[in-house]
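Student: Right, I'll just put the structure down here and ask away after.
Nothing in this text is a laboratory measurement; each read-out follows from the coordinates by a stated rule. Note that the coordinates shown come from a computational prediction; the quantities given were computed from them, not determined experimentally. Virtual Cβ from ideal backbone geometry, glycine too; neighbours counted across all protein chains shown.
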Amino acid sequence: MALKRREFLKLAATSLCALPLGIQARLVYAGQKIELILQPEQRAWFGDSYQPTVLWGLDREVLRLKQNQPVEIVVKNQLPEATSLHWHGLRIDNAMDGVSGLTQQAIEPGEEFVYRFTPKDAGTYWVHAHHNTYQQLARGLYLPLIVEESTEYPVDQDHLLVLDDWRLNKDAQLDLKSLGNMHEWSHGGRMGNVLTVNRQVKPRLQVRAGSRNRLRVLNAANSRIMASSRIMASEFTGVNAWIVAKDGQPLAAPIRFEDPLILAPAERYDLIVDIPADWQGEQPIYEVSTQKRYAGAFWDVLLPSVAIHHDSPTALPANPLFSLSDRKADHHVQLMMEGGAMGGLRKAVYQNKSMGVRELIQHKQIWAFNGVANLPDEPLLTAKSGDVVEIVMDNNTRWPHGMHLHGHHFQTNSNRYQEGIWHDTLLMERGEKVVIRFQAGLPGKWLIHCHMIEHQAAGMVTWFEVTA
Ligand code: C2O
Ligand code: CU
């Protein structure tokens with residue numbers, strides 16, 4: 001029955017007044033509205049000699065948000081597969097964390113989902129698919145995410161250096177047949193054969209001679225540990241570089257950077273790089289994780305030079321992180337990491353059933369945390385928001401891993417990093433044992449997993465619960 005216009009207006013007015021307060025508040029939500037479209041994209045990496053490589057991506061090169069400014073991000077899935085988006089490193093509501101099957105339902109093809117949050121930490125982050133992740137990351141479904149400081153940090157220019165390796169076949173298309181290869185899953189994960197920087201082959205980063213640059217480095221590879229070198233070039237005099245942030249979080253004081261910079265998948269560094277006044281032309285930036293160094297990108301140095309910075313950079317403005325200092329831990333748990341090739345794993349529980357290795361492999365599982373392969377029903381621990389948590393992570397495998405905590409930053413006693421640095425992802429060598437410490441943040445279910453994403457798929461994932 002159609003309502004007359006007058007009656008309709010009356011009805012609408014009444015129902016609005018009758019709304020409970022919470023919903024009214026949401027109606028006036030003042031977030032900046034951003035639309036993100038997930039869609040196939042083409043990259044002509046090899047000129048005219050090949051068809052462009054078809055990837056999956058988001059409809060932009062970078063997402064820039066502002067610290068403390070609410071946003072409303074409408075994600076439209078125009079891909080042929082369901083997905084969800086995880087805001088890696090952001091401390092936001094659990095319902096916005098983007099883990100399909102845990103914090104939300106996957107966004108079906110043709111559907112959309114609205115992520116609403118206010119980034120409280122400035123820094124360098126990324127957003128990436130968290131559904132069928134080993135496939136969707138290999139296809140390129142991610143984007144660097146910059147949260148700008150509310151007070152500007154003085155540099156001449158701000159650059160991204162997003163490293164990724166892609167597995168292409170002889171037609172220069174993604175080698176999709178090799179996805180899910182169990183041999184790779186039980187070893188170091190999927191390695192690509194083409195390196196890109198900022199989704200380009202050998203891009204040129206234009207800089208002025210003598211300029212001070214901020215360089216945001218992110219390893220977006222599925223599994224490759226990247227090592228980039230000659231961000232600082234030792235054979236040239238006067239090149240200075242400092243680390244000012246790790247995984248988005250500013251260091252209390254910048255530290256001089258020693259070549260090369262090593263990054264597990266998902267790790268980020270913010271560097272300050274002073275380009276010498278006497279540089280000109282092209283200067284390579286190498287990736288050196290293999291025997292043969294590879295010039296992945298170039299500084300393209302433009303003259304004339306700008307004013308030279310002689311003073312060391314100052315620290316970035318601090319984010320509102322809680323200081324752990326010497327507070328005693330309220331929780332102390334072990335996380336035994338096991339499995340993989342040559343790891344001697346005999347059995348593990350998978351989906352509540354104890355299995356031998358052959359049966360595990362039939363289920364594509366080969367790694368375990370505390371004897372459980374893949375997500376257990378029970379959390380690793382339950383902490384109250386505000387509690388201090390200590391996890392002893394024991395890498396009892398023959399492989400390095402990049403351990404990531406959702407929604408939290410932590411400190412460690414790892415001697416690979418300077419003390420006091422905050423991380424959301426940590427590179428651990430084989431046999432290494434570290435203690436991580438953090439304060440339980442917002443309530444919800446948060447993942448802990450290896451960010452060598454094949455290892456996660458093959459078992460290296462658990463979760464912890466934070467209660468209000
Ligand atoms: Cu960037 Cu669960 O990951
Ligand atoms: Cu791993």
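Student: Multiplying the sequence separation of VAL201 and GLN173 by 0.36 nm and subtracting their Cα-Cα distance, what value in nm do you get?
Tutor: Separation in residues times 0.36 nm, less the Cα-Cα distance, equals 8.6 nm.
Student: Explain nothing, just compute: Karplus ³J(HN,Hα) = 6.51 cos²θ - 1.76 cosθ + 1.60, θ = phi - 60°, for every residue of the stretch 377-393 in order, whole Hz, x for Gly and Pro.
Tutor: Karplus-based 3J(HN,Hα) across the stretch 377-393 equals 5, 8, x, 4, 7, 10, 10, 7, 3, x, 5, 9, 10, 10, 10, 8, 9 Hz.
Student: Can you compute log10 of I(q)/I(0) for the stretch 111-234 with the Debye formula, treating each Cα as one identical point scatterer, at q = 0.12 Å⁻¹?
Tutor: Calculated log10 I(q)/I(0) at the listed q: -0.59.
Student: Something else about it: What is the spread of the Cα atoms of the stretch 27-92 along each of their three principal axes, largest first, in whole Å?
Tutor: 52, 24, 20
Student: Of all beta bridges DSSP finds with both residues in the chain, what is the antiparallel percent, to the nearest 5?
Tutor: That works out to approximately 70 percent antiparallel.
Student: What Kirkwood hydrodynamic radius, in Å, does the stretch 331-467 give when the mean of 1/r is taken over all pairs of distinct Cα atoms and then inverted?
Tutor: Radius from the Kirkwood sum: 15.0 Å.
Student: Same structure, new question: Points 7 angstrom from Cα along the Cβ direction at VAL114 and THR290: gap in nanometres?
Tutor: 4.7
Student: For the peptides 99-106, 46-53, 389-396, what is the packing order when you average, over each peptide's residues, the other Cβ atoms within 10 Å and list the highest mean first?
Tutor: 389-396, 99-106, 46-53
Student: What list of ³J(HN,Hα) values in whole Hz, one per residue of the stretch 117-134 in order, does the Karplus curve 6.51 cos²θ - 1.76 cosθ + 1.60 (θ = phi - 60°) give from phi, with Gly and Pro shown as x?
Tutor: Those phi angles translate into 6, 10, x, 8, 10, 7, x, 9, 10, 7, 10, 8, 4, 10, 8, 6, 4, 5 Hz.
Student: Using a Cα-Cα cut-off of under 29 Å, which lysines could be cross-linked to LYS292, ignoring same-chain neighbours fewer than 8 residues away?
Tutor: LYS170, LYS177, LYS202, LYS246
Student: Between VAL392 and ILE34, with labels modelled 7 Å along Cα→Cβ, what's the label distance in nm to one decimal, could you check?
Tutor: Using points 7 Å along Cα→Cβ, the separation is 4.1 nm.
Student: At 20 °C and a viscosity of 1.002 mPa s, what translational diffusion coefficient does Stokes-Einstein give for the stretch 297-383, taking Rh as the Kirkwood radius over Cα pairs? Give it in µm²/s as a whole number.
Tutor: 116
Student: Under the rule of at least 5 residues apart or a separate chain, name every residue whose amide H is placed under 5 Å from the amide H of ASN374.
Tutor: Here the answer is PHE369, GLY459, MET460, VAL461, since their amide H atoms fall under 5 Å of that of ASN374.
Student: Using a Förster distance of 56 angstrom, determine the FRET efficiency expected from the C-beta separation of ASP326 and SER49, and round it to 0.05.
Tutor: Working from the Cβ atoms, E equals 0.40.
Student: Mind checking the alpha-carbon convex hull of the stretch 157-302 and giving the volume per residue in Å³?
Tutor: Value for the stretch 157-302: 120 Å³ per residue.
Student: Quick query: amide H of HIS332 versus all other amide H atoms, modeled in the peptide plane; which residues come in under 5 Å with a sequence gap of 5 or more or a different chain?
Tutor: Amide H to amide H, under 5 Å and 5 or more residues apart or across chains, HIS332 pairs with GLU390.
Student: Could I ask something else about it? Percent of Cα-Cα pairs per 10 Å bin, from 0 to the last occupied bin, for the chain, please list those.
Tutor: 4, 19, 29, 26, 14, 5, 2, 0, 0
Student: Okay, next question. For the chain, what is the calculated [θ] at 222 nm in deg cm²/dmol (nearest 500), taking -39500 (n - 2.57) for each run of four or more DSSP H residues and dividing by its residue count?
Tutor: -2000 deg cm²/dmol
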